[in-house]
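Novice: Shown below is the structure under consideration.
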Amino acid sequence: MRFLNWKLAALLIVAFVISTSSCRREKVLTDSSAKLEFSTDTVIFDTVFTTVGSTTSWFTVHNKNSQKINISKIWLQSGTQSNFRINADGVSGTEIKDVEILANDSIFVFAEVTLDPNSGTTPLIVEDSIMFSTNGNTQKVVMTAWGQDAYFHHNVHVNGTWATDKPHVIYGVARVDSGNTLNIQAGTRVHVHGKSRLQVYNNSKLNVKGTFENPVKFCGDRLEEDYQDKPGQWVGIEFYIPGESKIEFADIQNAEFGITVDSAGTDTVFINNTVINNSLSSGMRVRGGNVTAVNCLVSNAGLNLGVFWYGGNLRFNHCTFANYWAGSRSAATFSMKNYRIIGNSIDYRPFNKADFVNCVFYGNNDEEFEMDTVGVEQGASSPIYKFENCLLKTDEDEGADFESTKYYINVVENKDPKFVDPQNNDFHLSAGSVCVERGKATSVSQDIEQKNRTGVPDIGCYEL
C-alpha cells in the first residue's frame, strides 16, 4: 500500500510538471518590443512576362523570441484591388487573422501575382506590401513584379550597347563602373523606378546617342496619366569621376536631380541638344565637374535649375534656363559658388573656367541669378567666369557688377524674353523678344530643333 501511494504521488507530480510546462509553452508573448523578423524585406518577381503571367514566390517569417507570438493580422496593403495574392501558414486571403508562431520557430508566406503585361495601362513595375500587425507593431514586406515586357536592370553593373526593341527599366542602381562604357542608342526609352538612378563611376563612360527625330527618353516607370507631370519620380543620371561622356538629344523628365556631375577628374561630360524638365530639386547639378553644354533647355525645378558649386570647368553656349515652377520656390534659377563649407572652415575650389555665352536665366521669381564667389581678399583664387550676350533676371541694383567688361559682356538684365507659353513648357521665342538677334556668333550653327542660325543668332536654345 505504501508503494502504491508513493507511485500515485509520483504520477501526480509528473502530471503537475507536465501541466505547468504545457502552460508555460502556451503562453503568448505580448510585449511590444517583440517583433517579427523576415528572410527578406523585398520579394521580387523577376520573371519578364510576355503573356498573361502568373508566378509564385515565398519568404519566411521568424519568431526569435523564447515564447510563442501571435500575429493579429496579415493583410495586403492594396486590399482586394491588389494584383497579388497571399497564403500565410496555409491560410489564403487578402486579410488573415491570428497566426501564431511558436518560440524560435517560423512560418512560410507564399505570394502570387497575375498581370497582363500587354495592357498599355499596366505599369512597368507593380508594387504592393504585405502588412503584419503584432503586439501593436506594424511591419511590412514589399512585393515587386515586372508588369510589362522590358529589359530590367536591378542593382547591376551595366555596359555595352542597350537594345532598342523594348524599354529598359532601372530598379535600384544601374552602374557603369571600372572603365566600362554604356551606349544608349536613338529612340531608347529608359524608365527608372522610385529612388533609383543611372550612375557613371570610376573612369567609366556613358554615350547617349539620340537624334532630333528619335531622342533618348529618361523618365519614371509609372505610365498612368497622373504621373506624366509628377516630379521626383526617380533620382537622376549621376556622374562621379567619369571618363569622357556624351549626352546627345536626350529628354530627361521628372527626376529629383536631372543630371549630376561630381568629379575631381579631368574628363568632360558633353551635354548637347538635351531637355531636362520638371525636376523636384535641381535640373543640372555640377560640383567640381567638367561640363560642356550646347543647345540645352533646363526648365522647371523646385529649387535651382542650374547649380554650379565648388569649381570645375564650365562651357555653356545657347542654353535656356527657364523656371516657372508652379509651387513656391525660394531658390534662384542659377546658383554659382566657388567654395564649400566643411565644419567650421571654408574650402575654396576655384573654377578653372566658367563661360556662359548666349544663355537665358529667367523665371517667375524676382531673383533668378545667384552669384556667390569669393576673391583673393578672402583667401581664394580670383573667380574666373564670364557671361557674354546672356539674358539674366536679378533683383540686384541695375548695373551692379553687370557693367564689368571682365565678367559680364553685352548682358541683358531683367527683360522679359517673351516665351511663347512658359506655363505650358513652350519656351520658344515670340516675335519682339529681346533675345532675338542679340547673341554672339559662334560655331553652333543650328538650334536645339536643328533650325539653322544665320546672321546674328538669338539668345537661348531656340532660334526664332
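The values are calculated or read from the model by the stated rules, or taken from the named source; none is laboratory data. All of these numbers come straight from a predicted model, not from anything done at the bench. Cβ: placed from backbone, ideal geometry, glycine included. Neighbour counts: every protein chain shown.
Novice: Residues in region 138-145: is at least one over 19 Å from the mean Cα position of the chain (by Cα), of a type outside the set (Asp, Glu) and modelled with pLDDT under 90?
Specialist: yes
Novice: Still on this structure, I have one more. How many residues does region 69-85 hold that are assigned to a strand (DSSP E or B) and modelled with pLDDT of 95 or more?
Specialist: Going residue by residue through region 69-85, those that are assigned to a strand (DSSP E or B) are 69-76, 84-85.
Subsequent filtering for residues that are modelled with pLDDT of 95 or more retains 69-76.
Summing the residues that are assigned to a strand (DSSP E or B) and modelled with pLDDT of 95 or more in region 69-85 gives 8.
Novice: THR114: in the same structural domain as ILE96 (by TED's automatic domain parsing) and of a type in the set (S, T, N, Q), yes or no?
Specialist: yes
One line per residue, one yes/no per condition, for (1) farther than 17 Å from ALA150 by Cβ; (2) surrounded by 22 or more Cβ atoms within 10 Å (Cβ to Cβ):
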residue	(1), (2)
HIS193	no, yes
VAL200	yes, yes
VAL208	yes, yes
VAL216	no, yes
ASP229	yes, no
GLN233	no, yes
ASP251	yes, no
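Novice: Can I ask one more? Those residues that are of a type in the set (Phe, Trp, Tyr) and farther than 29 Å from GLY179 by Cβ, I need them from region 215-240; list them, please. Spell out the reasoning first.
Specialist: Taking region 215-240 first, the residues of a type in the set (Phe, Trp, Tyr) are 218, 227, 234, 239-240.
The one that is of a type in the set (Phe, Trp, Tyr) and farther than 29 Å from GLY179 by Cβ: TYR227.
Novice: Something else now. Being part of a strand (DSSP E or B) and loosely packed, with under 15 Cβ neighbours inside 10 Å is the filter; apply it to region 21-41 and report the residue that is modelled with the highest pLDDT. So that I can check it myself, show each step before the final result.
Specialist: If we filter region 21-41 for residues that are part of a strand (DSSP E or B), which is where we start, we get 28-29, 37-38.
Adding the requirement that they be loosely packed, with under 15 Cβ neighbours inside 10 Å leaves 28, 37.
Details: VAL28: 92, GLU37: 97.
By that ranking, first place goes to GLU37.
Quick grid of which residues meet (1) closer than 17 Å to GLY236 by Cα; (2) assigned to a loop (DSSP other than H, G, I, E, B); (3) at pLDDT below 95:
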residue: ARG285; (1), (2), (3): yes, no, no
residue: ALA293; (1), (2), (3): no, no, no
residue: ASN300; (1), (2), (3): yes, no, no
residue: LEU303; (1), (2), (3): yes, yes, no
residue: ARG315; (1), (2), (3): no, no, no
residue: TRP325; (1), (2), (3): no, yes, no
residue: SER328; (1), (2), (3): no, yes, yes
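Novice: Being within 20 Å of the chain's Cα centre (by Cα) and not in a strand (DSSP E or B) is the filter here, so list the residues in region 160-173 that pass it.
Specialist: Listed by number, the list holds a single entry, PRO167.
Novice: Now, a different point. Identify the residue in region 373-415 that is under 22 Å from ASN295 (Cβ atoms) and of a type in the set (D, E, K, R) and, among all such residues, is modelled with the lowest pLDDT.
Specialist: Taking region 373-415 first, the residues under 22 Å from ASN295 (Cβ atoms) are 385-393, 409-412, 415.
Of the ones still in play, those that are also of a type in the set (D, E, K, R) are 386, 388, 393, 415.
Values: LYS386: 91, GLU388: 96, LYS393: 95, LYS415: 96.
So, considering only residues that are under 22 Å from ASN295 (Cβ atoms) and of a type in the set (D, E, K, R), the one modelled with the lowest pLDDT is LYS386.
Novice: Looking only at region 435-446, which residues are more than 17 Å from PHE356 (Cβ to Cβ) and either assigned by TED's automatic domain parsing to the domain that holds HIS318 or not small (Gly, Ala, Ser) (or both)?
Specialist: Applying the first criterion (more than 17 Å from PHE356 (Cβ to Cβ)) to region 435-446 yields 436-437, 445-446.
Matches in region 435-446: VAL436, GLU437, GLN446.
Novice: Still on this structure: Are any of the residues in region 276-287 closer than 30 Å to ILE346 by Cα, touching a residue at least 24 places away in the same chain (Cβ under 8 Å), of a type outside the set (Lys, Arg) and surrounded by fewer than 23 Cβ atoms within 10 Å (Cβ to Cβ)?
Specialist: So far as region 276-287 goes, yes, one or more of its residues are closer than 30 Å to ILE346 by Cα, touching a residue at least 24 places away in the same chain (Cβ under 8 Å), of a type outside the set (Lys, Arg) and surrounded by fewer than 23 Cβ atoms within 10 Å (Cβ to Cβ).
Novice: Then there is this: TYR462 versus (1) of a type in the set (Ser, Thr, Tyr); (2) more than 33 Å from the chain's Cα centre (by Cα); (3) crowded, with 19+ Cβ neighbours inside 10 Å: which is the lone unmet condition?
Specialist: Evaluating TYR462 over (1) of a type in the set (Ser, Thr, Tyr); (2) more than 33 Å from the chain's Cα centre (by Cα); (3) crowded, with 19+ Cβ neighbours inside 10 Å leaves (2) as the failure.
Novice: Enumerate the pairs (first residue in region 431-443 and touching a residue at least 24 places away in the same chain (Cβ under 8 Å); second residue anywhere and basic (Lys, Arg)) with beta-carbon separation below 7 Å, excluding pairs fewer than 6 apart on the same chain, so at least 6 apart or on different chains.
Specialist: SER433/LYS418; VAL434/LYS415
Novice: Still on this structure: Which one of ILE346, ILE271 is aliphatic (A, V, I, L, M) and modelled with pLDDT of 95 or more? Spell out how you get there, then give the answer.
Specialist: Numbers: ILE346 fails: modelled with pLDDT of 95 or more.
Criteria check complete, one pass: ILE271.
Novice: A follow-up question, please. From GLY179, GLY160, grab the single residue that is at positive phi, in the same structural domain as PHE249 (by TED's automatic domain parsing) and modelled with pLDDT of 95 or more. Steps first, answer last, please.
Specialist: Details: GLY179 fails: modelled with pLDDT of 95 or more.
It is GLY160.
Novice: What number of residues within region 320-362 are at positive phi and out of contact with any Gly (no Cβ under 9 Å at 6 or more places or on another chain)? Write out each step before concluding.
Specialist: So the first thing to find is which residues in region 320-362 are at positive phi, and the list is 343, 358.
Narrowing the set further to residues that are out of contact with any Gly (no Cβ under 9 Å at 6 or more places or on another chain) leaves 343.
Of the residues in that region, 1 qualify.
Novice: Give all pairs with beta carbons closer than 6 Å in which a residue from region 413-427 that is free of Cβ contacts under 8 Å to residues at least 40 places away in the same chain meets a residue that is in a loop (DSSP other than H, G, I, E, B) and among the basic types (Lys, Arg); count only pairs at least 6 apart in sequence or on separate chains.
Specialist: Between residues of region 413-427 that are free of Cβ contacts under 8 Å to residues at least 40 places away in the same chain and residues that are in a loop (DSSP other than H, G, I, E, B) and among the basic types (Lys, Arg), the close pairs are ASN414/LYS393.
Novice: Any residue that is under 30 Å from PRO167 (Cα atoms) and at pLDDT below 90 - is there at least one of those in region 2-12? Break it down into steps so the answer makes sense when it comes.
Specialist: The initial filter retains those residues of region 2-12 that are under 30 Å from PRO167 (Cα atoms), namely none.
No: region 2-12 contains no residue that is under 30 Å from PRO167 (Cα atoms) and at pLDDT below 90.
Novice: On the basis of being at pLDDT 95 or above and part of a loop (DSSP other than H, G, I, E, B), does ASN214 make the cut?
Specialist: Values: at pLDDT 95 or above: yes; part of a loop (DSSP other than H, G, I, E, B): yes.
Yes, satisfied.
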